[in-house]
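Encoded as structure tokens, the structure appears first; notes follow it.
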Amino acid sequence: MSTFKGSLHSDLPNPSDEAVSADVILAQVELYAKPKRTKQSQTKQKMLHYGIAAAITIGFMSSGIFQLVTNAGVVGTDLSENRPAYTEQWMDKTLSFLDWLKVNQKEEGNNR
């Protein structure tokens, strides 16, 4: 490790020299700095991560693990009950509201 440190030390200019400017020092430091990722490589890496996450999610969905997790809190209840779905309940409420509106409009029409 000392040879690596020594090689860096010998390449950098001596800050005590008056002729050395900050630009020269920064240029030398940038040579040894970690190269920055380009925006394109960052986008590719993000897309790779999203693809992996999507594949894992699809795998979990096809294996039924989400169904097991959602049913874990419903222990002791019979999930095969014949109760209407929430969409059916909302549809029934909406239809009854529309029927109520229709009746009220007819009553207003008769009162005129």
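Once both labels are positioned 7 Å from their Cα atoms along Cα-to-Cβ, the gap between M61 and W100 label points is 3.7 nm. Assuming 0.36 nm per residue, please report the length gained on full extension of the stretch A54 to T38 beyond their Cα-Cα distance. 3.3 nm is the gain from fully extending A54 to T38. The calculated FRET efficiency for the pair M47 and V69, based on their C-beta separation and a Förster distance of 22 Å, comes to about 0.20.
Every read-out reported here was derived from the displayed coordinates using simple, explicitly stated rules and does not represent laboratory data. Just so it is clear, the structure is predicted and the values come from calculations on it, not from any experiment. We place every Cβ from the backbone using ideal geometry, glycine too, and count neighbours over all the protein chains shown.
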